[in-house]
Amino acid sequence: MARKVQHSLLNKAKTNKNDEFYTQFSDIESELEHYKNHFKGKVVFCNCDDARISNFFKYFAQNFKELGLKKLISACYKKQERDLFNTEESENGSFYEYTGTIEDRIEPNSQDIIYFNGNGDFRSTESIELLKQSDIVVTNPPFSLFREYVAQLIKYDKAFLLIGNINAITYKEIFKLIKENNAWLGINLGRGISGFIVPEHYELYGTEARINESGNKIISPNNCLWLTNLETSKRHEDIELTKKYFGNETEYPKYDNYDGINVNKTKDIPSDYNGFMGVPITFLHKFNPDQFEIIKFRKGNDEKDLSINGKCPYFRILIKNKRIQAEFIELTKKKKSQQVTKAIRNLGINDNQQVYASK
Ligand SMILES: C[S@@+](CC[C@H](N)C(=O)[O-])C[C@H]1O[C@@H](n2cnc3c(N)ncnc32)[C@H](O)[C@@H]1O
């Protein structure tokens, strides 16, 4: 019940375009520790972040030297408030640049920030100018503009690490990026992201909502992910496959509208199946592109949702095991060459004659 309420809170953020879920320092820290090798000499841009309140800015400013950053830019939209949730607003967006010198403040105040001429929308020319100077964009952008936000980063060919809703995987633009290996899920997912600071006026419901030690309201929707195109070693770790298809065929029913089997849990992917398999979207959290290939999302040959005896399991991703395919190709080659040798022998041609014949 509580989970349902929290999901609807996030959905409300989406429809209201409030988008006011502020990321906690601890969640940023626990994700960023896996990417430290990417930041040396780089310009980081947090473009939905008021440097005066953003924990993204705080994280990079505090770790500026350790990461070897060249510059940190934090820019925010017009309605960003002075402190987390008071009512002071400005029609202009603003930004702050931190270069790690003693003149730069790690905790900037209103005098330190520079106002844009416009509203600081991430799509504005002024914000895009800052984007062009940057190498890596790291933030939690507005949920309601996620597709557009990611599309802009792809257009400008930027590295990124972003928080989004798990549902973003189901957006065709985002799925395409993942399928084509241009983006992937980060390390933490769902409960791995502990919660967001929400404005005072948010009502708190259920067990997934609380007030923290600093008096901030926190909700834990448990349905968020990190999306990135920064490499980690973890994404090249194989999923351990302990189940077998052959001998347990009834556990893996075939789809009505696709030549593949249904697998309900990632841990149940069989190690011996060489065909297409439909797996839940959470598979992407464990996905190793060296081990599996993503084929298609959700739809069968008739472009309707994948179904088993007329019933559709919740969004499935069709995958194929690359390693079995490779083994299968190798085996077929071996078998073919054995057959050829046998055929030649049957014709009574010896090895020398074969060499001569092939010259
Ligand atoms: C989900 S909140 C996250 C804020 C901050 N990045 C963080 O993680 O704490 C998204 C932020 O984007 C801002 N925002 C909304 N629309 C925007 C736009 N078009 N351009 C830039 N920022 C926008 C909102 O005001 C909000 O502060």
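The values are calculated or read from the model by the stated rules, or taken from the named source; none is laboratory data. The model shown is predicted, which means the values in this text are computed figures rather than measured ones. For neighbour counting, all protein chains shown are included, and Cβ atoms are generated from backbone atoms with ideal geometry for every residue, glycine included.
Only residues that are more than 18 Å from Asn188 (Cα to Cα) and either surrounded by 22 or more Cβ atoms within 10 Å (Cβ to Cβ) or near the ligand (Cβ under 10 Å from one of its atoms) (or both): list them for the range 138-147, please. Reasoning before the result, please.
Taking the range 138-147 as the starting set, the residues that turn out to be more than 18 Å from Asn188 (Cα to Cα) are 142, 144-147.
Within the range 138-147, Pro142, Ser144, Leu145, Phe146 meet the criteria.
Summed over the range 285-305, residues that are part of a strand (DSSP E or B), of a type in the set (D, E, K, R) and farther than 15 Å from Ile174 by Cα total 3.
Tell me yes or no: at least one residue of the range 281-292 is farther than 24 Å from Asn248 by Cα, among the acidic types (Asp, Glu), in contact with a helix residue (DSSP H, G or I) (Cβ under 8 Å, 6 or more places away or on another chain) and surrounded by fewer than 19 Cβ atoms within 10 Å (Cβ to Cβ). Checked the range 281-292: at least one residue is farther than 24 Å from Asn248 by Cα, among the acidic types (Asp, Glu), in contact with a helix residue (DSSP H, G or I) (Cβ under 8 Å, 6 or more places away or on another chain) and surrounded by fewer than 19 Cβ atoms within 10 Å (Cβ to Cβ).
I'd like to know if the range 242-253 contains one or more residues that are within 27 Å of Ala183 (Cα to Cα) and out of contact with any Lys or Arg (no Cβ under 8 Å at 6 or more places or on another chain). Taking every residue of the range 242-253 in turn, none turns out to be within 27 Å of Ala183 (Cα to Cα) and out of contact with any Lys or Arg (no Cβ under 8 Å at 6 or more places or on another chain).
Within the range 189-199, the set of residues being surrounded by fewer than 22 Cβ atoms within 10 Å (Cβ to Cβ) and either of a type in the set (Gly, Ala, Ser) or touching a Ser or Thr at 6+ places or on another chain (Cβ under 6 Å) (or both) comprises Gly190, Gly192, Ser194. Among residues of the range 318-341 being without any contact (Cβ under 8 Å) to a residue 40 or more places away in the chain and under 28 Å from Glu180 (Cβ atoms), the one that is farthest from the chain's Cα centre (by Cα) is Thr332.
Residue under question is Gln353, and the condition is that it be among the polar types (S, T, N, Q) and at pLDDT 70 or above; does it hold? Spell out the reasoning first.
Values: among the polar types (S, T, N, Q): yes; at pLDDT 70 or above: no.
Spelling it out, it is not the case that Gln353 is among the polar types (S, T, N, Q) and at pLDDT 70 or above.
All conditions in (1) without any contact (Cβ under 8 Å) to a residue 40 or more places away in the chain; (2) under 24 Å from Ile53 (Cβ atoms) hold for Ala209, with the sole exception of (1).
Going through Glu129, Glu91 one at a time, which residue ends up being among the acidic types (Asp, Glu) and at pLDDT below 95?
Working: Glu129 fails: at pLDDT below 95.
That would be Glu91, the only listed residue that is among the acidic types (Asp, Glu) and at pLDDT below 95.
Please indicate, with yes or no, whether at least one residue in the range 243-252 is assigned to a helix (DSSP H, G or I), of a type in the set (D, E, K, R) and either outside the structural domain of Lys176 (by TED's automatic domain parsing) or more than 28 Å from the chain's Cα centre (by Cα) (or both). Walk me through it before giving the result.
Of the residues in the range 243-252, the ones assigned to a helix (DSSP H, G or I) are 249-251.
With the extra rule that they be of a type in the set (D, E, K, R), the set shrinks to 249, 251.
Remaining after also requiring either outside the structural domain of Lys176 (by TED's automatic domain parsing) or more than 28 Å from the chain's Cα centre (by Cα) (or both): 249, 251.
Within the range 243-252, one or more residues are assigned to a helix (DSSP H, G or I), of a type in the set (D, E, K, R) and either outside the structural domain of Lys176 (by TED's automatic domain parsing) or more than 28 Å from the chain's Cα centre (by Cα) (or both).
Of the candidates Leu69, Leu32, Leu84, the single residue that is surrounded by 21 or more Cβ atoms within 10 Å (Cβ to Cβ) and either more than 16 Å from the ligand (Cβ to nearest atom) or modelled with pLDDT under 95 (or both) is Leu69. Do we find that Asp135 is touching a residue at least 60 places away in the same chain (Cβ under 8 Å) and among the acidic types (Asp, Glu) in this structure? Criteria met by Asp135.
Rundown of residues vs (1) β-branched (Val, Ile, Thr); (2) closer than 16 Å to Phe56 by Cβ; (3) in contact with a Lys or Arg (Cβ under 8 Å, 6 or more places away or on another chain), yes/no style:
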residue	(1), (2), (3)
Gln111	no, no, no
Phe116	no, no, no
Ser127	no, yes, no
Asp135	no, yes, yes
Ser144	no, no, yes
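Does Ile211 satisfy the criteria of being surrounded by 14 or more Cβ atoms within 10 Å (Cβ to Cβ) and either more than 23 Å from Ile166 (Cα to Cα) or within 23 Å of the chain's Cα centre (by Cα) (or both)?
Working: surrounded by 14 or more Cβ atoms within 10 Å (Cβ to Cβ): no; either more than 23 Å from Ile166 (Cα to Cα) or within 23 Å of the chain's Cα centre (by Cα) (or both): yes.
No; evaluated as a whole, the condition is false for this residue.
Going by the conditions given, is Ile28 closer than 20 Å to Pro221 by Cα and either over 18 Å from the mean Cα position of the chain (by Cα) or of a type in the set (Val, Ile, Thr) (or both)? So Ile28 passes the test. Across the range 43-53, the qualifying residues are those that are surrounded by 24 or more Cβ atoms within 10 Å (Cβ to Cβ) and not aromatic (Phe, Trp, Tyr), and the one among them that is farthest from the ligand (Cβ to nearest atom) is Val44.
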